[in-house]
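Only one structure is covered here, and it is reproduced in the block below.
The values are calculated or read from the model by the stated rules, or taken from the named source; none is laboratory data. Note that the structure is predicted; figures quoted are calculated from it, not measured. So basically every Cβ, Gly included, is an ideal-geometry build from the backbone, and we count neighbours across all protein chains shown.
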Amino acid sequence: MNIVIDTSILRKDRGFLNSDILLLKKLSKLELLKIHFPWVVYKESTSHNFKDIDSVIGKAIKEITSLNRKGISNEVYVELEEVAKKLDSIKSTIDKSVDKHWTDFINDTGAILHEINNEHGKLVMSSYFGGDKPFPEPKSRKDIPDAFIYEAIKSIIESVGNVYFICADNNLRNVVNDLGSSFAFASYADFYKSSDYKAIEDEYKKIEHYSDELILLKENTGKISEFAISEIYGDVFAGNDQEIFHESLPSDDNIGMLQDMDNVTVNKIHLDEIQFIDGVFYIPINISATFGIEYFMFKSDYYMEAEGRNISIIDDDWNKHYFLIYENFNVKLSYQCSIEQDSIKQDEFEFDTEQVVIDELIIIEK
């Protein structure tokens, strides 16, 4: 089985740390499947990673070197300057580190990185001006990277036959699905439901023995729920002023500060999607809650959007542009916890949190 993973999927797990990529990594190392990366996917991912990491380190250096203005002894400030110099030295190597992170994953899994074919540029430009697939219309610049991925997948199909493409972008997924000898999926979960993957999974289960512990997990969903709720309240979102980012948060940068939470509820434990990797079970859970969030809103936006919403102005004179707003939202979370096989065998049931993602931030109307 040959699979291609799009940037739209990989950007959700840039560290290659979550259970989905760990599972595919293991299946690849067992030679049950082969992972393929078009060069554009690799370049989109590494360039985005570099930009984010470089920005974080740059801000850290700036903050450290400005601490003398906040009232600190000269002796300590000299030490902090050395820290800043070390960070600056590391900053100059981030591009190589980001690239090594990717090449290490490729080498470890035996994945294939596909360089841009000499003919791809001509094909992409021809489609660009003609509005041919994958371009939804002529001269759609934003779709040029997807066009190179599209041509790469065509070449991979010519080389290896059937390809399974995991992609969250609707347009690219649909045009790839129409190629013939290609099967496109919007998520890892959808991919796992395919009959061809089921055959791989059956082979995998023959060499991974965990059925007794899986049954015990299913019989102890109460313990799973109790842990998940306690983690959300106690650790994951503990403390006020925790930064919350979501694209539907109506602040200028989609960022707010969590002030409080309530009504944390486990809606579903996906027992049929539990994964077992290297002696550890990974359990996906849907959770809902109510978050009270403070954020800055343009005054003009407030006057247009406040009607019908439970918005409170915390500070109406923050500056001439913004109000400081407090608003409650209904929140839907994708939560994942893990537990070691031995912990189940010994009836300890000691869980760890692996991942929390805010899927939806829903406005509560008056």
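The helices (runs of 4 or more DSSP H) located wholly in segment 144-205 include none with 1 or more residues which are more than 21 Å from residue 28 (Cβ to Cβ), in the same structural domain as residue 271 (by TED's automatic domain parsing) and not β-branched (Val, Ile, Thr).
Within the set 150, 128, the sole residue that is aromatic (Phe, Trp, Tyr) and either within 19 Å of residue 42 (Cα to Cα) or at pLDDT 85 or above (or both) turns out to be 150.
Scanning segment 200-211 for residues that are farther than 12 Å from residue 279 by Cα and surrounded by 11 or more Cβ atoms within 10 Å (Cβ to Cβ) turns up 200, 201, 203, 204, 205. State yes or no: is residue 153 of a type outside the set (Gly, Ala, Ser) and either on the phi > 0 side of the Ramachandran plot or touching a residue at least 40 places away in the same chain (Cβ under 8 Å) (or both)? Yes, satisfied.
If you go through segment 153-174 and keep only what is touching a helix residue (DSSP H, G or I) at 6+ places or on another chain (Cβ under 7 Å) and under 22 Å from residue 118 (Cβ atoms), you end up with 153, 163.
Filtering 274, 313 for residues that are in contact (Cβ under 8 Å) with a residue 60 or more places away in the chain and either out of contact with any Leu (no Cβ under 8 Å at 6 or more places or on another chain) or not assigned by TED's automatic domain parsing to the domain that holds residue 22 (or both) leaves a single hit, 274. Among the conditions (1) more than 22 Å from residue 360 (Cβ to Cβ); (2) part of a loop (DSSP other than H, G, I, E, B); (3) in contact with an Asp or Glu (Cβ under 7 Å, 6 or more places away or on another chain), residue 276 misses just one, which is (2).
Within the set 85, 70, 34, the sole residue that is modelled with pLDDT of 90 or more and more than 25 Å from residue 146 (Cβ to Cβ) turns out to be 85. Among the residues of segment 332-341, is there at least one that is part of a helix (DSSP H, G or I) and in contact with a Pro (Cβ under 7 Å, 6 or more places away or on another chain)? There is no residue in segment 332-341 that is part of a helix (DSSP H, G or I) and in contact with a Pro (Cβ under 7 Å, 6 or more places away or on another chain).
Residue count for segment 246-263, restricted to those that are closer than 12 Å to residue 331 by Cα and either surrounded by fewer than 17 Cβ atoms within 10 Å (Cβ to Cβ) or among the charged types (D, E, K, R) (or both): 3.
For segment 32-77, filtering for residues that are without any contact (Cβ under 8 Å) to a residue 60 or more places away in the chain, of a type outside the set (A, V, I, L, M) and not in a helix (DSSP H, G or I) leaves 3.
The listed residues are 234, 256, 222, and the only one of them that is modelled with pLDDT under 90 and either within 19 Å of the chain's Cα centre (by Cα) or of a type outside the set (Ser, Thr, Tyr) (or both) turns out to be 234. The residue that is nearest to the chain's Cα centre (by Cα), counting only those in segment 87-116 that are part of a loop (DSSP other than H, G, I, E, B) and surrounded by 16 or more Cβ atoms within 10 Å (Cβ to Cβ), is 111.
Give the residue that is surrounded by the most Cβ atoms within 10 Å (Cβ to Cβ), with candidates limited to residues of segment 1-23 that are free of Cβ contacts under 8 Å to residues at least 24 places away in the same chain and among the hydrophobic types (A, V, I, L, M, F, W, C). It comes out as 21.
Pairing residues of segment 233-249 that are in the same structural domain as residue 355 (by TED's automatic domain parsing) with residues that are among the small types (Gly, Ala, Ser) and at pLDDT 85 or above, at Cβ distances under 7 Å and at least 6 apart in sequence or on separate chains, gives 244/256; 249/256.
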